[in-house]
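One structure below.
Quick note: the coordinates plus some simple rules give every number you see, no bench work behind them. Everything quoted here is computed from the prediction, not taken from an experiment. Cβ coordinates were reconstructed from backbone atoms using ideal geometry, including for glycine residues, and neighbour counts include every protein chain displayed.
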Amino acid sequence: MSTYLVTGGAGFIGSHLVEALLRDGHTVRVIDNLSTGKRERVPSGAEFIQADFTKLDEIAPHFVGVDGVFHVGALPRIPFSIEHPIPAAEANVMGTLNVFVAARDAKVKRVIYSASSSAYGAQETLPLRPDMPANPLNPYALHKYIGEKIAEQFNRFYGMETASLRYFNVYGPRMADEGAYVTVISHFKRQKKEGKPLVVHGDGEQTRDFTHVFDVVRANMLAMQSPNVGAGEVMNVGAGENWSINYIADQFGGPKEYMQGRPGEARHTQADHSRTFELIGWKPSIRFPDGLAMILKEEGLV
Ligand SMILES: NC(=O)c1ccc[n+]([C@@H]2O[C@H](COP(=O)([O-])OP(=O)(O)OC[C@H]3O[C@@H](n4cnc5c(N)ncnc54)[C@H](O)[C@@H]3O)[C@@H](O)[C@H]2O)c1
């Protein structure tokens with residue numbers, strides 16, 4: 001059994017990962033400043049350290065004795081990164097650099113970085129493959145892409161094992177449901193419960209590859225264990241199918257209200273996950289219509 005450190009372990013994806021690692025019998029340490037995360041999401045079996053990874057001195061001591069790091073923490077909000085580019089870059093770029101430096105100095109063997117499909121931006125063809133040139137369309141996307149490059153260079157210059165997982169629109173239990181930057185599924189959930197029309201930005205024909213959080217967790221665990229990665233490889237973690245916002249609204253049912261589209265967001269995303277399968281043996285296990293149906297059922301909306 002190993003000792004793992006999860007940054008952002010009080011967040012949506014991080015807290016699911018912590019649960020899974022504990023279930024497998026590992027020792028887990030969580031670093032989170034609770035900016036968007038919640039303390040009660042961290043399972044009692046994990047050691048919780050409230051610290052800010054924009055401050056290297058604050059986090060460095062906690063990397064000692066750790067076998068592997070999952071760098072999941074970030075400020076993952078596109079509008080926030082446009083409105084507040086400096087704090088967003090401090091968290092997503094400098095924070096990431098600090099995590100890698102702390103890991104290097106503590107001689108951590110491997111770091112798995114939570115990257116983002118937003119690095120693709122607009123591409124001419126689908127599905128999206130990691131060998132396509134990156135084209136980040138907003139500050140958040142750029143920051144996340146820089147993180148991949150940091151991961152790659154820490155392997156090249158310091159011999160640390162690293163790999164990056166580009167997640168595609170993650171959904172599932174505990175996804176963000178409050179605050180200014182909520183995902184479309186959570187928005188629809190709230191609007192439906194309040195008996196309001198479902199607000200669609202743009203024409204609603206933009207599509208996303210929605211990926212269940214349980215599949216994202218599994219990809220992280222495979223990437224940490226696999227003998228085939230460690231040199232900064234970039235892999236897609238996406239279900240491989242794209243669904244329109246109108247499709248999702250129709251599953252919720254009821255009237256829709258169309259509003260102005262959002263700037264700086266890709267029109268379509270759809271993952272080609274063949275490289276992820278080749279390298280770490282990962283394939284998605286939950287199709288979006290099934291995952292969405294589970295949410296609608298749990299919320300009493302069907
Ligand atoms: N949710 C998605 O659809 C999605 C898609 C692609 C990539 N990602 C990436 O996955 C990761 C997790 O996303 P999430 O949806 O769970 O977000 P989240 O906001 O729920 O979790 C992020 C966590 O990081 C913590 N954090 C932020 N800044 C910090 C700092 N300076 N120091 C310490 N902790 C800090 C927050 O408190 C929070 O608990 C992020 O790196 C994000 O970029 C998410």
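So the values come out like this:
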{"item": "Rg/Rg_ref, the chain, where Rg_ref = 2.2 N^0.38 Å and atoms are Cα", "result": "0.96"}
{"item": "Set Lys149/Lys297; Lys109/Lys297; Lys109/Lys283; Lys38/Lys144 screened for pairs whose C-alpha atoms are more than 30 Å apart", "result": "Lys149/Lys297; Lys109/Lys297"}
{"item": "Long-range tail of P(r) for the range 16-159 (Cα pairs > 19 Å, %)", "result": "55 percent"}
{"item": "Over the range 146-302 - Rg/Rh using Cα atoms and the Kirkwood inverse-distance radius", "result": "1.04"}
{"item": "Met259 versus Lys55: modelled label distance in nm, points set 7 Å from Cα along the beta carbon direction", "result": "3.6 nm"}
{"item": "Computed label-point distance, nm, for sites Ala20 and Arg104 using a 7 Å Cα→Cβ extension", "result": "2.8 nm"}
{"item": "Spread of Cα-to-Cα distances over 5 Å intervals beginning at zero, given as percent, for the range 249-302", "result": "4, 12, 13, 15, 17, 19, 12, 6, 2"}
{"item": "Nitroxide proxy distance, nm - points 7 Å out along Cα→Cβ at Leu279 and Glu124", "result": "2.5 nm"}
{"item": "Under the Karplus curve 6.51 cos²θ - 1.76 cosθ + 1.60, θ = phi - 60°, whole-Hz ³J(HN,Hα) for the range 163-172, x wherever Gly or Pro sits", "result": "7, 10, 10, 8, 7, 10, 4, 8, 9, x"}
{"item": "Cβ-placed point charges (K, R +1; D, E -1), dipole of the range 95-244 about Cα centre in debye, nearest 20", "result": "480 debye"}
{"item": "Value in Å of the Kirkwood radius, where the range 111-185 supplies the Cα pairs that are averaged", "result": "13.9 Å"}
{"item": "FRET efficiency, Lys297 to Met132 (Cβ-Cβ, R0 35 Å, nearest 0.05)", "result": "0.45"}
{"item": "Rounded to whole Hz, the Karplus (6.51, -1.76, 1.60) HN-Hα couplings of the range 32-47, x for glycine and proline", "result": "7, 9, 6, 5, 10, x, 10, 4, 5, 7, 7, x, 5, x, 9, 7"}
